[in-house]
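Worksheet: one structure, shown below.
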Ligand SMILES: Cc1ncc(COP(=O)(O)O)c(C=O)c1O
Ligand SMILES: [Zn+2]
């Protein structure tokens, strides 16, 4: 047996399940976290070894749950760029700001990381049929990695999700169910079917391996800053898998001796009225009482994340924060960043920049702060958010003064925020 995984530990009751039994949740219903022999990893590998490896998330192979290299299902995901964005930093009032751009991953989102880690490990354990509830991007990633691995994916999403969500999944050969209801309805209906048909429910936090893929985002930030820390990491939070993953891996890196006891402040950004933001500021240990909100950023609107108590613990343990942003601020920063930095962020990514601005206004960040924000998906997945009166020129015609004037008007209007 190879690999450094020792077993799975319940995040709720701390029961430990050693070895390689296929198990998604604790007997108590709590979420499971993968544990490793960190002393053995420390003896086996150093950051200098890692620096020589290929630029994918699998460069952190020892900290990932797969036993055999042959089990790895990869499309070279991860090790995404940290793009310095000095104009954004100036605009929102912080010292330095990097955009960790997950949009360059296969299928255009950070979901590639969870899909790669999870499908690799479950297939190694002999599990080949999965249910993936989604607002679009998760289903597409699982469908793509499922196709590569030759396993069966069932995905359900609300009918009003962007077309690419179901079309991307379909083209990869997944079973797609479009639900005429909310994302909550889609999750419930697919979970019931998963139980009925014996599919593994791979929804956020409901199995232990997606978070292992996502935690590599945290290692990368530290490695890409030369094993240094930013002051804060703003993460658009839905199921909270990325926040949990980064929190978990920072503890692992400290135990490896690759970082000290100081942590970047982990910050959850959600739509205004978001469940995690509400619970954080009300001092609660779990989310309760949040309502569904219609938004252009569906990835950061989850009424009750499955592992809510762990997300809140991660925020508080790192002296973190939580901030809600309304759609008009998200539209504003999608427009502003496109026009001034050339980056087509997802609405979820743009929300983090609105979040930085709000934290500066609240005195939580300032001109000395070094900040990393996550763009969790490429804006290219959201063409429905861009529109404008672009002139149609006949094939036999010319571009005249009137056409130029109309194109200029369109350039001003053809955007989520005409004032942006
Ligand atoms: C684009 C985007 N960003 C962020 C999230 C939230 O991710 P997490 O579950 O890690 O909180 C999602 C989830 O669907 C998403 O699609
Ligand atoms: Zn338990």
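Some points to look at:
- All C-alpha pair distances within the stretch 1-47, sorted into 5 Å bins from zero, spread as 5, 22, 27, 18, 12, 10, 5, 1 percent across the bins.
- Residues 76, 244, 334, ranked from the fewest to the most other C-beta atoms within 10 Å, line up as 76, 244, 334.
- Scaling against 2.2 N^0.38 Å puts the C-alpha radius of gyration of the stretch 1-153 at 1.19.
- Along its principal axes, the stretch 316-369 has C-alpha extents of 34, 23, 18 angstrom, given from the largest down.
- Helix axis angle, 111-124 relative to the chain longest principal axis, alpha carbon, degrees: 30 degrees
- Highest mean packing comes first when the peptides 135-142, 375-382, 116-123, 337-344 are listed by Cβ atoms within 10 Å, giving 135-142, 116-123, 375-382, 337-344.
- 0 to 90° range, to nearest 10: angle between helix 347-361 axis and the chain longest Cα axis: 90 degrees
- Kirkwood-type radius of the stretch 183-287, with distances r between different C-alpha atoms, in Å: 15.6 Å
- Difference of contour (0.36 nm per residue) and Cα-Cα distance, residue 16 to residue 44: 7.6 nm
- Using the Cβ-Cβ distance between residue 328 and residue 284 with R0 = 35 Å, the FRET efficiency computed as 1/(1 + (r/R0)^6) comes to roughly 0.80.
- log10 of Debye I(q)/I(0), alpha-carbon scatterers only, for the stretch 235-362 at 0.09, 0.13, 0.22 Å⁻¹: -0.26, -0.53, -1.21
- Relative to the longest principal axis of the Cα atoms of the chain, helix 308-317 runs at roughly 90 degrees.
- When you work out D = kT/(6 pi eta Rh) for the stretch 212-256 at 25 °C and 0.890 mPa s, using the Kirkwood radius from C-alpha pairs as Rh and the Stokes-Einstein form, the result is 229 µm²/s.
- log10 of Debye I(q)/I(0), alpha-carbon scatterers only, for the stretch 40-91 at 0.20, 0.23, 0.31 Å⁻¹: -0.79, -0.95, -1.29
- Label-point gap, in nm, between residue 401 and residue 380 - each point 7 angstrom along Cα→Cβ: 3.9 nm
- Cα extents of the chain along the three principal axes, largest first (Å): 72, 50, 46
- Here the contact order of the chain, divided by its residue count and restricted to Cα pairs under 8 Å and six or more residues apart, works out to 16 percent.
- Rg in Å to one decimal, and Dmax rounded to a whole Å, for the stretch 257-304 via C-alpha atoms: 13.9, 44
- Rounded to the nearest 0.05, the FRET efficiency derived from the C-beta distance between residue 408 and residue 53 at R0 = 45 Å is 0.40.
- Taking other C-beta atoms within 10 Å as the exposure proxy, 390, 211, 277 rank 390, 277, 211 from fewest upward.
- Rough spin-label spacing in nm, given labels placed 7 Å along Cα→Cβ, for residue 228 and residue 188: 5.0 nm
- By other beta-carbon atoms within 10 Å, ranking 77, 329 with the fewest at the front produces 329, 77.
- Distance histogram in 5 Å bins (all Cα pairs of the stretch 181-223, percent per bin): 5, 19, 18, 18, 15, 10, 8, 5, 1
Computed from the coordinates by the stated procedures, all read-outs in this text should not be read as laboratory data. Note that the coordinates shown come from a computational prediction; the quantities given were computed from them, not determined experimentally. Note that we place each Cβ from the backbone using ideal geometry, even for glycine, and neighbour counts take in every protein chain shown.
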